[in-house]
C-alpha cells in the first residue's frame, strides 16, 4: 500500500489545490560523471541529491500482468542534445529512477522511486524513446547458472 504525506493526501482529496505534483527522472551509470536529473516542470526542482532541470518527458506505465515482466516506454524531448549525447556515450544499460514529488516538499518522494534499466534507446530530431524494464533476459537465464562438471565440481563425481 502506498503511503502519501499529509500534504499530498490533502491535495488529492481537495476540490481544488495549489499543490503541484512533479514527476522526476534520475539517470545513472558508472560512466557518467554526474547523474542526469530531469523534472517535468517549468523550473528547476532543488532536492538534496541535486538540481533537477526542467525537461519535458513522458512515461507510459503498463497494465499489471501476472504473465510477463512489465516494461515502461519513456520519451524524452531531444531539442537540447545534452541528454542524447550523454546516453549515446554509455556502454551498457543505464539505470533510470522515476519518482513523483510535491513542489512544496521536493525531498519527500510521494510515489516511487521506481528503478529500472534503460534497455534500448532510439533518437530522432524531436525525441529520444526507450524501453525501461528489469534486467534484460531475466527469464531466459539458466537456473542454476553454474554448470556442474568434473573440472569445477570434482566432489560430485566420485
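The values are calculated or read from the model by the stated rules, or taken from the named source; none is laboratory data. These numbers were taken from a predicted model, which means no experiment stands behind them. Cβ placement follows ideal geometry from the backbone for every residue including glycine, while neighbour counts extend to all protein chains displayed.
The figures follow:
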item: Of the criteria (1) part of a helix (DSSP H, G or I); (2) touching a residue at least 60 places away in the same chain (Cβ under 8 Å); (3) under 17 Å from the mean Cα position of the chain (by Cα), which one residue 22 fails; result: (1)
item: Qualifying positions in the stretch 4-18 - over 25 Å from residue 74 (Cα atoms) and not in a helix (DSSP H, G or I); result: 5, 14, 15, 16, 17, 18
item: Residues of the stretch 113-158 satisfying the condition of being modelled with pLDDT of 85 or more, touching a helix residue (DSSP H, G or I) at 6+ places or on another chain (Cβ under 9 Å) and over 16 Å from residue 60 (Cα atoms); result: 123
item: When residues of the stretch 18-28 are limited to those that are closer than 17 Å to residue 106 by Cα and touching a strand residue (DSSP E or B) at 6+ places or on another chain (Cβ under 9 Å), the one surrounded by the most Cβ atoms within 10 Å (Cβ to Cβ); result: 24
item: Cβ-Cβ under 8 Å pairs, at least 6 apart or on other chains, the stretch 63-91 side within 15 Å of residue 33 (Cα to Cα), far side part of a loop (DSSP other than H, G, I, E, B); result: 83/55; 86/32; 87/94; 89/31; 90/29; 90/31; 90/32; 91/31
item: Qualifying residue in the stretch 29-43 (condition: surrounded by fewer than 18 Cβ atoms within 10 Å (Cβ to Cβ) and closer than 16 Å to residue 104 by Cβ); result: yes
item: Residue match in the stretch 80-97 (condition: surrounded by fewer than 13 Cβ atoms within 10 Å (Cβ to Cβ) and over 20 Å from residue 127 (Cα atoms)); result: yes
